[in-house]
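A short write-up of the structure that comes next.
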Amino acid sequence: MGGKNTKIWIIAPHNPLDNSRFYGGVEVFLFELYKRLSQKHCVTCVDAASSKGEVIKSIALALKIRKLLRREQPDVLISNGLLGWSFSGIGIPRVNVYHGTYEGSRRAGNVNFLGNLQKKLVLCQLERISGMNALKIAVSNSTAEELSKYYNFSKEEIMVIEGGVDTSRFSPVSDEEEKIRLRKKYGLPADGTICVYTANLTYRKGWDVVQRLSRKFQEFHFVCTTRNFHYNNVTGFQVPHSQIHEIYQLGDIYLFPSRYDGFPLSLIEAMSCGLPFVGFPSGFCRDLKADPRFSRYIVSTEKDFSELVKTLSVDDDLRSDLSEKCRNFAECHDWNVVANKFNDAITKAITKDVFFNVNNWPPTMKKLKLSIEYAENVLLDAGCGTGWLSHIHAHNLRNVLGVDLVKDRIEISKAYRTFEICRADITLLPLRNDAFDTVICYDVLEHVPDYARALNEIKRVLKRKGRLIIAIPNKKGSYSIVYDRLIRFCKKALGWDRRYDHVHSFDQKAFLSSIEAEGLTVSKIANIEFLSPLIYNFRHHKIARMLSEFDTNLADRLPSEVVSEWVMVCQK
């Protein structure tokens, strides 16, 4: 992806940009994602502010997003967990990130009856709905398996993008003297084994295991990072995330006895600092268990966990070897690598939404069928947008070139790798005369201020007897009346943002005169739709698609003066 034109909204439970407090791994994940995606895109974080409870947060976000959508519309929504349930039918390309599942968490145990009932009947159902009509991203292979097993999502619908780490900040301690300095800074013993635990003090995260280990190994010191306290050989610090790398750097062994996790950022942070670890096979650790470098350090019983901690505490060579392996592994999970994968996911989400239209939305299917029927040989897609039409024709025609002026649309088009792409203004095409047998210009001229000049350029590059297939809106049709005029009024009165607003809608007779003035002859005019634009944002619902199919068939029988859009086939 490139350019700052792609508008992305990240929907979060809390504001990940608020550094006044640290919430948890999901917020760190979103903050790092925001920071890197903002380098290429226009990114906005939308959070639930002070709302409490997952369901209340999701309702607060639904109301907030719906209000924002009255003013502007993003190109992509990135939601997390169950927070996307109210947007499943919104008609905007969407990515839903799963940092684990409530069903997996529920089955991990130790939840009271009412909590278990709430998860099964409410939270799990909302989490499943959140993934509908969205590209689903799982933060580990284990999470992907849960989505498939518990929510019946097909594996083809799920991308696995593991979490990341800032490898420059989370780096191994420079030397033993630096480690001693850090221990003194936090009032910890300079000598002896220090075991680090940075998760919440809950049963699910394995805090009870850490407590029993502290009683068993009185000669060790145990450090955790959720609140300030001290008893016996256990010390707790309320450390902001900006300093937490120091806790990893002063430690000898990282403890990860979690009974359920998706992708624990604390573990990858510890690994990036070269801190040897011992873990239970939950979530991402189950994935690590399959890696021969780490399989020995992921055990299923507390007894084996305890013995491995003891072995690591006395075997310096073993700790050193594991430290090096951990650091090498973490370097492949730098946040920049993760952000690049999310760029690919954003592209995939946009093209997924487009091809949903191609396969399911009757007006789009109708326009595609017409273009296939009349396109021949060497084709120019003038104003190719995200490139979906060029991609389809590239499988049938000898040579296809897509041209568009918007940089981020060009970058999305490049992902297809099936046709040539050129960034250019269609009013000034850098192409030779008489080069194309067919030019397609779908839903473009209404965005071009000097559309007559664009027509002149298209005619210039079109071969003699070549065809121009063009789609334009009717100024008397439903879209132009309801959206163009209303939106223009709103923009003028309220200053609302509509970056891809129409600058023209067309009168059929006047436009035919423009075509004839360019020396082109119209051989066919097809009515595309009548009222379908009014229900386009509900296109993911079966009823809307059924109504649209009726509408497109009705358009064929109506006078061309009242329909919303035409496709015209012209010849030079």
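The values are calculated or read from the model by the stated rules, or taken from the named source; none is laboratory data. Predicted model only: the values in this text are computed from it and were never measured. Reconstructed Cβ throughout: ideal geometry from the backbone, glycine too, with neighbour counts over all protein chains shown.
Some values worked out for this structure:
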read-out: Any hit, segment 142-160, residues being in contact (Cβ under 8 Å) with a residue 60 or more places away in the chain and surrounded by 23 or more Cβ atoms within 10 Å (Cβ to Cβ); value: yes
read-out: Number of the condition not met by S174 [criteria: (1) over 30 Å from Q125 (Cα atoms); (2) in contact with a strand residue (DSSP E or B) (Cβ under 9 Å, 6 or more places away or on another chain); (3) of a type in the set (S, T, Y)]; value: (2)
read-out: Residue pairs meeting the criteria (Cβ under 6 Å; at least 6 apart or on separate chains; first at positive phi, in segment 550-572; second assigned to a helix (DSSP H, G or I) and exposed (fewer than 14 other Cβ atoms within 10 Å of the Cβ)); value: none
read-out: Failed item in (1) outside the structural domain of C224 (by TED's automatic domain parsing); (2) touching a residue at least 60 places away in the same chain (Cβ under 8 Å); (3) part of a helix (DSSP H, G or I); (4) in contact with a Leu (Cβ under 9 Å, 6 or more places away or on another chain), with R106 passing the rest; value: (2)
read-out: Odd one out for M132, checked against (1) in a loop (DSSP other than H, G, I, E, B); (2) closer than 23 Å to K205 by Cβ; value: (2)
read-out: Among residues of segment 280-324, those that are part of a loop (DSSP other than H, G, I, E, B), basic (K, R) and loosely packed, with under 13 Cβ neighbours inside 10 Å, counted; value: 0
read-out: Leading residue by the ranking (surrounded by the most Cβ atoms within 10 Å (Cβ to Cβ)) among those in segment 43-94 that are within 16 Å of the chain's Cα centre (by Cα) and assigned to a helix (DSSP H, G or I); value: G84
read-out: Selection count, segment 513-572, where residues are surrounded by 15 or more Cβ atoms within 10 Å (Cβ to Cβ), β-branched (V, I, T) and not in a helix (DSSP H, G or I); value: 5
read-out: Candidates L401, L370, L431, filtered to the one that is in the same structural domain as F511 (by TED's automatic domain parsing) and within 23 Å of W566 (Cβ to Cβ); value: L370
read-out: Qualifying position, being surrounded by fewer than 19 Cβ atoms within 10 Å (Cβ to Cβ), aliphatic (A, V, I, L, M) and touching a helix residue (DSSP H, G or I) at 6+ places or on another chain (Cβ under 9 Å), among A415, A424; value: A415
read-out: Options Q238, Q243: the member that is surrounded by fewer than 20 Cβ atoms within 10 Å (Cβ to Cβ) and in a loop (DSSP other than H, G, I, E, B); value: Q238
read-out: Sole exception among (1) modelled with pLDDT of 90 or more; (2) among the hydrophobic types (A, V, I, L, M, F, W, C); (3) not in a loop (DSSP other than H, G, I, E, B) for F153, by number; value: (3)
read-out: Pick from segment 414-436, criterion of a type in the set (D, E, K, R) and within 17 Å of I392 (Cα to Cα), ranking: nearest to the chain's Cα centre (by Cα); value: K414
read-out: Residue match in segment 293-310 (condition: of a type in the set (F, W, Y), in contact (Cβ under 8 Å) with a residue 12 or more places away in the chain and in contact with an Asp or Glu (Cβ under 9 Å, 6 or more places away or on another chain)); value: no
read-out: Of residues in segment 134-174 being within 20 Å of the chain's Cα centre (by Cα) and of a type in the set (S, T, Y), the one nearest to L33 (Cα to Cα); value: S140
read-out: Selected residue [more than 30 Å from R36 (Cα to Cα) and not in a helix (DSSP H, G or I)] from L201, L213; value: L201
read-out: Condition met for N110 (at positive phi and surrounded by fewer than 23 Cβ atoms within 10 Å (Cβ to Cβ)); value: yes
read-out: Total residues in segment 448-485, condition small (G, A, S) and assigned to a helix (DSSP H, G or I); value: 4
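For every residue, the table says whether it meets (1) in contact with a strand residue (DSSP E or B) (Cβ under 6 Å, 6 or more places away or on another chain); (2) more than 30 Å from A544 (Cα to Cα); (3) touching a residue at least 24 places away in the same chain (Cβ under 8 Å).
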site: F31; (1), (2), (3): no, yes, no
site: R36; (1), (2), (3): no, yes, yes
site: K40; (1), (2), (3): no, yes, yes
site: S58; (1), (2), (3): no, no, yes
site: R66; (1), (2), (3): no, no, no
site: D75; (1), (2), (3): yes, no, yes
site: G84; (1), (2), (3): yes, no, yes
site: G91; (1), (2), (3): no, no, yes
site: N96; (1), (2), (3): yes, no, yes
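Per-residue answers, yes or no, for (1) β-branched (V, I, T); (2) without any contact (Cβ under 8 Å) to a residue 24 or more places away in the chain; (3) buried (at least 19 other Cβ atoms within 10 Å of the Cβ):
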| residue | (1), (2), (3) |
| --- | --- |
| I346 | yes, no, yes |
| N360 | no, no, no |
| M365 | no, yes, no |
| S371 | no, no, yes |
| L380 | no, no, yes |
| F419 | no, no, yes |
